[in-house]
Amino acid sequence: MARWLPRTGDLSRFLQKLNRVKTLEEDMMETSFNRCLSTVDLTLLGIGGMVGSGLYVLTGTVAKEIAGPAVIVSFVIAGFASLLAALCYAEFGARVPKTGSAYMFTYVSVGEIWAFLIGWNVLLEYMIGGAAVARAWSGYLDSIFNHKIKNFTETHVGTWQVPFLAHYPDFLAAAILLVATAFISFGAKVSSWLNHVFSAVSMGVILFILVMGFVLAQPKNWSAQEGGFAPYGLSGIMAGTATCFYAFVGFDVIAASSEEARNPQKAVPRAIAFSLGLATGAYILVSVVLTLMVPWHTLDPDSALADAFYRRGYAWAGFLVAAGSICAMNTVLLSNLFSLPRIVYAMAEDGLFFQVFSRVHPRTQVPVVGIVVFGLLMALLALVFDLEALVQFLSIGTLLAYTFVAASIIVLRFQQQKVVGTAPSGCAQPGAEPHQSPSAGEMKEYESFSDKLQLVDRDKSKEQREPGQLKAAFEPYLEFLSDFYPGEVVTVAVVTLMVSAICLCSILVFGNTHLHLPTWSYSLLLVLFSLGFFLSLLLIWAHEQQRSTQTFQIPLVPLSPALSIVLNIYLMLKLSYMTWLRFAIWLLLG
């Protein structure tokens, strides 16, 4: 029996393999992909991923059922929260211009098992997301023709009454996915061009909505007679923020495309900033005109914009809104089909997925096997499955990726940078004296021990400390931490910070409802876990971090990523228990 048990050495090596990090090549610009995408291409890809059907559906739903006209404030807060996650992606995308997005970022900084965890979840997220958007696209187009396609399918093909399967097969949704797969397989330039066309139409329609909306605006719709600006109060605004946050999840397509960018060090951060700024502006302004055109409590959640124009006597505008909505959904479809095969390619390249998906077509320079296989799988999902129950799963995968990327930023920033090469002996070192006397190398004699001690202290304060080492100012108070390897204390502090954040958010979410804690214990636990969080943050800050590099760096590290971690964990804990159950099953399958 004992001989079947793993030996300590084998177990140790296995655990080391699980936590090993990926070593990148010195020339990270070398790639088998075609570096052809400009900042404009990446920006439009990001806008296409974010400004989808949510602009036409989500704004009306949140305004009527959750926040009222204060949906504007919800989008402002959600935009800021998304900015924290987006800046983390921007730094990684510039520093590690390789395809794989959150999977790659986690692999190079945290470890293999965590990278696989992220990649496995993102894979399912994109598949369900693409299939769900295709079904929404099909339903929207069908509604324009008075549901003739649905009625024809139910009459001539039949209906199903099977759990987890759709009521009827959606051939139109499967067809649009197959067509999009064909276009994506032609190469990044063709995909980008197609995205430009749909994005241009979508932005033209948004511009029309804004101009006409402000012309038809009636300030009285925000008055007290109609319920006021924030009828649901602060709780409604924050609940709306949690829903609106998911409108901005598409920017990671830019990071996934960094290996096909011409100048990723500059293009990726700029594209993320521009696309997030434009998407936030579009959501805020559309929310303004929508709630000013008609009273918020009379909105139709399913087609708020088209219905608002119809009620103001502009029924023809509904067709323009429908066209804009379909084009916006096309860009989201392209975004999903563009990102997913590249993440699968990165995993296959690292040996964490089937090797066949690491093949790149020599002419189109895209992972054509991954595009075709996952395009077919998405089409199958859209054809036969009921996706409404699975759509909530999208949130947990995205939030988990955001959390790990934020934690990876802290870990990477406090790691020692690799030394590419040593300076030639003839080169002057920075900070060296231009002229030294012949006796400079000789040891000077000192009269007393105190003189020597002062010299040692002066040299110690002048020495350049490596990233991950304790700052000189904190050494007298935290001297016991000086014995650890550079970055070791920071890694432990990041884990402690995440555990404290999980406990803190659990108390905030479940303390009064599920746990029924008395006020004194609720307050005490909040104080204790907040203290643990801020002490971990302070301990990280007490260490040296990498100096400014030539690529973009997120400001206020470790504060900015830590805030992103807390927000993402809080939103994850707000999801239903069924979402967590499906998440656990998917992890076990992985």
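The values are calculated or read from the model by the stated rules, or taken from the named source; none is laboratory data. Keep in mind it's a predicted model, so treat the numbers as computed, not measured. All Cβ positions, even for glycine, are placed from backbone atoms using ideal geometry, and neighbour counts span all protein chains on display. Side chains included, ligands, DNA and RNA excluded: accessible areas come from the protein's heavy atoms. Shrake-Rupley method; radii C 1.70, N 1.55, O 1.52, S 1.80 Å.
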Just wondering, is there one or more residues in segment 219-237 that are at pLDDT below 90 and among the β-branched types (Val, Ile, Thr)? no
Does segment 175-195 include one or more residues that are in contact (Cβ under 8 Å) with a residue 24 or more places away in the chain, over 27 Å from the mean Cα position of the chain (by Cα) and open to solvent by less than 10 Å² (accessible area, probe 1.4 Å)? no
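Results for (1) in a loop (DSSP other than H, G, I, E, B); (2) modelled with pLDDT of 90 or more; (3) in contact with a Phe, Trp or Tyr (Cβ under 9 Å, 6 or more places away or on another chain), shown as yes or no for each residue.
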{"position": "Arg3", "(1), (2), (3)": "no, no, no"}
{"position": "Lys17", "(1), (2), (3)": "no, no, no"}
{"position": "Lys22", "(1), (2), (3)": "yes, no, yes"}
{"position": "Met29", "(1), (2), (3)": "yes, no, no"}
{"position": "Ser32", "(1), (2), (3)": "yes, no, no"}
{"position": "Ile47", "(1), (2), (3)": "no, yes, yes"}
{"position": "Gly52", "(1), (2), (3)": "yes, no, no"}
{"position": "Leu55", "(1), (2), (3)": "no, no, yes"}
{"position": "Thr61", "(1), (2), (3)": "no, no, no"}
Hey, Met212 more than 19 Å from Leu87 (Cβ to Cβ) and open to solvent by less than 40 Å² (accessible area, probe 1.4 Å) or not: yes
Of all residues in segment 256-297 being of a type in the set (Gly, Ala, Ser) and open to solvent by 40 Å² or more (accessible area, probe 1.4 Å), which is farthest from Gly100 (Cα to Cα)? Gly277
Test of understanding: among Leu571, Leu537, Leu575, Leu581, which residue is modelled with pLDDT of 90 or more and in the same structural domain as Thr513 (by the TED database)? Leu537
Note down all Cβ pairs under 7 Å where the first residue falls in segment 336-359 and is assigned by the TED database to the domain that holds Gly49 and within 8 Å of Gly370 (Cα to Cα), the second is open to solvent by 20 Å² or more (accessible area, probe 1.4 Å) and hydroxyl-bearing (Ser, Thr, Tyr), and they're at least six residues apart or on different chains. Tyr345/Ser358
Being closer than 16 Å to Val289 by Cβ, open to solvent by 10 Å² or more (accessible area, probe 1.4 Å) and assigned by the TED database to the domain that holds His196 narrows it down to one of Leu58, Leu44, so name that one. Leu58
For segment 505-536, which positions are in contact with a Gly (Cβ under 6 Å, 6 or more places away or on another chain) and more than 17 Å from Tyr570 (Cα to Cα)? Leu517
Looking only at segment 511-550, count every residue that is over 19 Å from Leu497 (Cα atoms) and open to solvent by less than 30 Å² (accessible area, probe 1.4 Å) and tell me the total. 3
Could you check, for segment 337-354, whether at least one of its residues is acidic (Asp, Glu) and surrounded by fewer than 24 Cβ atoms within 10 Å (Cβ to Cβ)? yes
Do you know which of the residues in segment 151-174 that are assigned to a helix (DSSP H, G or I) and open to solvent by less than 70 Å² (accessible area, probe 1.4 Å) is nearest to Asn330 (Cα to Cα)? Ala173
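Could you tell me whether segment 208-230 includes any residue that is within 30 Å of Tyr89 (Cα to Cα), of a type outside the set (Val, Ile, Thr) and in a helix (DSSP H, G or I)? Talk me through it step by step, then tell me what you get.
Initially, segment 208-230 is screened for residues within 30 Å of Tyr89 (Cα to Cα), giving none.
No, every residue in segment 208-230 fails to be within 30 Å of Tyr89 (Cα to Cα), of a type outside the set (Val, Ile, Thr) and in a helix (DSSP H, G or I).
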The listed residue being out of contact with any strand residue (DSSP E or B) (no Cβ under 8 Å at 6 or more places or on another chain), modelled with pLDDT under 90 and open to solvent by 10 Å² or more (accessible area, probe 1.4 Å), out of Ser143, Ser101, Ser138, Ser109: Ser143
Test: Ala322 is in the same structural domain as Ser223 (by the TED database), open to solvent by less than 20 Å² (accessible area, probe 1.4 Å) and in a helix (DSSP H, G or I): yes
